[in-house]
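Take a look at the structure set out below.
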Amino acid sequence: MALAISAPTRDILSNMNDQETTVEKTPEVKEVSKLKKARGNRKLRMGVILFLIAVVALLFVLFEKMRIGLLIILVILLSALGLEFFETDWDLQKLWETKSFEQSKIVRDEAGNFLYDKFGDITTDSTVGKLADEYNCEDFTTQPEAQLFYEKVGGVGNDVNRLDGDKDGEACESLPQN
């Protein structure tokens with residue numbers, strides 16, 4: 001004996017079957033690693049440099065035969081501390097090309113953050129760069145261009161400029177692909 005099912009009922013049952021078997025995959029949200037957060041903390045960076053200076057100074061006192069090498073390391077650490085204290089950085093490639101410290105100085109804001117160009121690279125020129133959180137989708141012409149910037153300055157875990165509103169890993173989805 002066959003069971004007769006009307007066409008509308010068959011469609012409903014078919015749709016229910018499809019819904020049960022379809023599993024939506026939610027995008028994996030990447031968390032900002034503790035190391036990345038720590039690298040952005042100026043006080044922590046200065047603390048690490050001071051700790052290393054103390055260790056090298058102690059080794060300098062204890063190991064007489066290694067004093068020249070330890071003195072060189074100590075000078076490097078003191079230089080790093082000075083650069084961090086005065087929030088000064090230079091783009092070494094640009095310094096090599098231009099031979100000018102002024103032209104290769106990397107600009108920072110008052111919180112010590114770098115300026116970025118629209119390709120996500122740190123820039124020394126404040127006329128072509130701005131803070132990462134000052135960029136919006138309107139600053140880009142295509143979605144791949146926005147995606148490149150988004151990934152370079154932090155991605156899902158550090159989307160300070162909210163280029164990815166739905167946090168699916170794709171920035172400025174409304175922009176054209178080409």
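The values are calculated or read from the model by the stated rules, or taken from the named source; none is laboratory data. Here the structure is a predicted model, which means the values were calculated and not measured.
Laid out as a table, the results:
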read-out: Residue count for segment 134-158, restricted to those that are farther than 12 Å from D117 by Cα and not hydroxyl-bearing (S, T, Y); value: 12
read-out: Residue within segment 27-48 that is modelled with pLDDT of 90 or more and not assigned by TED's automatic domain parsing to the domain that holds N161 present; value: yes
read-out: Residue that is farthest from D121 (Cα to Cα) [pool: residues in segment 89-107 that are polar (S, T, N, Q) and under 26 Å from the mean Cα position of the chain (by Cα)]; value: Q103
read-out: In segment 37-72, the residues that are outside any helix (DSSP H, G or I) and over 23 Å from the mean Cα position of the chain (by Cα); value: F63
